[in-house]
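I have placed the structure first, in the form of structure tokens, so that the comments after it can refer back to it.
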Amino acid sequence: MSLAKRATRERAGTRFSVWLLASSALLITAVLVGTMIGPAGPQWWRVPLELLNRLPLVSIDSGVSIEQWNIVWQIRAPRVVLAAIVGAMLSVAGASYQGVFRNPLVDPYLLGVAAGAGLGATLVFTLQRQSTESWLIDPLPLAAFGGALVAVFFTYLIGNAFNKSRSNTTLVLAGVAVTSLATAIQTFILQRNNDVVRQVYSWILGRLSSATWGDVRLILPYVSLSCIVLLMHRRLLDVLRVGDDEAIALGTNIRRVRFVVVLAATLGTAAAVAVSGLIGFVGIIVPHAVRLLAGASYRRVLPLSILLGAAFLVAADIPSRVLADPAETPIGVVTAFFGAPFFLMLLRMRKTQT
Amino acid sequence: MSTLGFCDLTISYDGVCAVNGFNDILHSGEWLCLIGPNGAGKSSVLRAAAGLINYSGSVAIDQKEIPTTSARWRAQNIAFVPQTPLMPDDMSVVEYVLLGRNPYIKHFASESTHDLEVVEKILHRLDLEQFSNRMVGTLSGGERQRAVIARALAQEAPVLLLDEPTAALDIGHQQQALELVDKLRREQGLTVVSAMHDLTLAGLYADRLVLMHQGSCVASGDAKSVLRSETLAEFYGVSARVHHETDGTVVVIPQRVNSN
């Protein structure tokens, strides 16, 4: 085999497949542990037995009652699956935003997704707080989703109207402006409706505790679409790493790539935020951890961010269930509390390596 | 193969004129070198030809106007080496050079075996094979410059635009880089336009020099006719001696003004 071919294959191939296997294993472990542990339900070691029992042609007496199994299957399982989907989405969206804006500190909420969703949720809490039970569909995720998309739409509109050059700074600044505006409106509404402050606050901190299979079904199409589109752009995101001018000189239609990536990442993030609230930190820390471990090429960063992001949020959700039992610790608190030291450790590891 | 033509090229930034009516025509295998003081408009001419800025007038390759072409077509026909390329430190040399194949890869596809073969040949040719797995950030200035040129050559474009290709290099690597470009244009008929500050080197390698001053072309021709001490004094404000070697090489030697 020739040198260059061997070189690329070595870099992109062997090491990458090891990481791919390792992160898949981590995700599976996290999902298993996640379904095994919780404040109520059967003893943890009985859960895998019952899972085996449920397979065709296998019969094991696991000693799990129907009620206990319902806790596992109807409460824990959707929660774990939703955590995995949301974690994967926020991480891959964060990585893509960082690539498109060539800024390592960017998170998926950059262009107003979070503030827009927060405003939408606040409106629902204030306007519809008594009567939502009778509604056919829960308006909360819809309003958050809509709010997020409207906010980013405005950001893009303003960013393009004022942008004479090809730089993306205007877009980022427009995002800052739209975020502050939406937050200001939200604060104004909350000031006048003190009774919903608590609800809105707990929504903002992120919540997976009320997850149902319905939530999973609701966001899965958006998240899958978004992930597929982003993964298809992984090579182009590598081309963007050399800067706008050079990427254009290398034949990239940079505006189109940026628009499609931002659109896909925003759609997926808005869907994730709609059911889970604002879970911070994942979108920054996971892509960076991946870069430190497996290298900065987006061909590795994007797929690994999906797997490790899912594993990270599933794992972070476990302490959030049991830490302050019987109360829930907000998942956003856990991700930051365990994520920050872990990240520092990675940074230190890298320093000693080089 | 390819003809690169500039006709009445005018570029302005926010109303300030940077290039004023630049005309030239280059045929396959020619090397044109733009010289002139900082801010004369050399880079602007190159960036217009690379399709990176708006202009009035005409820049065309084989009668195809640059703005009417797609970015992909341009990248297949023009390779541009900017003055200070942005090189991600943690990208390997192979990955970096492979970026040059971007114009030939479909939007969502990845590199073919042919792309890898092209890159391999170029790495061999530029003596970069032993660096192929090294990270770009660990290379020396000369090696980085070679990697950038390798990426431009991987585009297999008939026109090569070089903005200060030797600015960061020592005298040995300057010669190495320019010899390489010269060899390629002789062998493959590359059309080269470069902007350079080292007048002696410019005169040594280019077929023609164009001296620019405040956006206009003030002198053009071979080294002997452009590099004259009066001309240099007028447009660079430099006191320099111009020495003619017996082999036709023109050497520009700066002089001390207050030599006591």
Open item on the list: Cβ contacts < 8 Å: first residue among the aromatic types (Phe, Trp, Tyr), restricted to the range A:260-288; second residue buried (at least 24 other Cβ atoms within 10 Å of the Cβ), any location; separation 6+ or different chain. Result?
Closed with: A:Phe281/A:Thr335
Task: Of residues in the range B:48-76 being crowded, with 23+ Cβ neighbours inside 10 Å and touching a residue at least 60 places away in the same chain (Cβ under 8 Å), the one nearest to the other protein chains (Cβ to nearest Cβ) - done: B:Ala75
Open item on the list: Would you confirm whether or not the range B:181-202 contains a residue that is touching a Cys at 6+ places or on another chain (Cβ under 9 Å), modelled with pLDDT of 90 or more and among the hydroxyl-bearing types (Ser, Thr, Tyr)?
Closed with: yes
Open item on the list: Kindly evaluate B:Ser132 against the criterion of being of a type in the set (Gly, Ala, Ser) and at pLDDT below 90.
Closed with: yes
Open item on the list: For the range A:204-227, check the following and say yes or no: at least one residue is crowded, with 18+ Cβ neighbours inside 10 Å, within 12 Å of chain B (Cβ to nearest Cβ) and in contact (Cβ under 8 Å) with a residue 60 or more places away in the chain.
Closed with: no
Task: Test for B:Phe22: is it part of a strand (DSSP E or B), more than 13 Å from the chain's Cα centre (by Cα) and buried (at least 22 other Cβ atoms within 10 Å of the Cβ) - done: yes
Task: Residue among B:Pro37, B:Pro103 that is in contact with a helix residue (DSSP H, G or I) (Cβ under 9 Å, 6 or more places away or on another chain), facing chain A (nearest Cβ under 8 Å) and in contact (Cβ under 8 Å) with a residue 24 or more places away in the chain - done: B:Pro103
Open item on the list: Please go through the range B:115-124 and give me each residue that is more than 7 Å from every other protein chain (Cβ to nearest Cβ) and either closer than 14 Å to B:Gln155 by Cβ or in contact (Cβ under 8 Å) with a residue 24 or more places away in the chain (or both), ordered by number.
Closed with: B:Asp115, B:Val118, B:Lys121, B:Ile122
Task: All positions within the range B:135-165 that are surrounded by 16 or more Cβ atoms within 10 Å (Cβ to Cβ), modelled with pLDDT of 85 or more and not aliphatic (A, V, I, L, M) - done: B:Glu143, B:Arg144, B:Gln145, B:Arg146, B:Arg151, B:Gln155, B:Glu156, B:Pro158, B:Asp163, B:Glu164, B:Pro165
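The values are calculated or read from the model by the stated rules, or taken from the named source; none is laboratory data. Treat the numbers as computed from the prediction; the structure is a model and nothing was measured. Positions of Cβ are generated from backbone atoms using ideal geometry, with glycine treated the same way; all protein chains shown enter the neighbour counts.
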